[in-house]
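Trainee: If you scroll down you'll find the structure; I have some questions about it.
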Amino acid sequence: GVHRQILFTTVGFFVGYYLTKRTEYMYAKVDRELFEYVRQHPEDFKAAEKRRIGELLEDFIPVR
């Protein structure tokens, strides 16, 4: 009946909420570890030189 639908909806909401919070925690933990590694090893992550957009794109050659 209706009481089961309400019960399952409530249980599903709380399980989804818990799983979402756990997933966010796991991603935050990985991000923290990666940022700490990058901070401790700056020689492995040198800043790339800036390039213009024309250097990134290939020359346009129309095909006929």
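Trainee: If one takes the longest principal axis of the Cα atoms in the chain, at what angle in degrees, from 0 to 90 and to the nearest 10, does the Cα axis of helix 2-40 lie?
Mentor: Its long axis makes an angle of about 30 degrees.
Trainee: At 7 Å along the Cα-to-beta-carbon direction for both His3 and Lys21, put a label point, then send me their distance in nm to one decimal.
Mentor: Result for the modelled spin labels: 2.8 nm.
Trainee: Please calculate how many Å² of accessible area the chain carries per residue, with a 1.4 Å probe and no DNA, RNA or ligand atoms counted.
Mentor: 110
Trainee: So I have (1) -0.65, -0.70, -0.93; (2) -0.41, -0.51, -0.85; (3) -0.33, -0.44, -0.84, and one of them is log10 I(q)/I(0) by the Debye sum over Cα atoms at q = 0.11, 0.13, 0.21 Å⁻¹ calculated from this model. Which one is it?
Mentor: Read-out taken from this structure: (1).
Trainee: If you filter the stretch 18-64 for GluC sites (Glu not before Pro), then keep DSSP loop positions with at most 16 other Cβ within 10 Å, what is left?
Mentor: Filter output for the stretch 18-64: Glu49, Glu58.
The values are calculated or read from the model by the stated rules, or taken from the named source; none is laboratory data. Everything numeric here is computed off the predicted structure, so don't read it as measured data. As a convention, Cβ positions derive from the backbone with ideal geometry for all residues, glycine included, and neighbour counts pool all protein chains shown. Areas reflect the complete protein model, heavy atoms only, side chains present, ligands, DNA and RNA absent. Shrake-Rupley method; radii C 1.70, N 1.55, O 1.52, S 1.80 Å.
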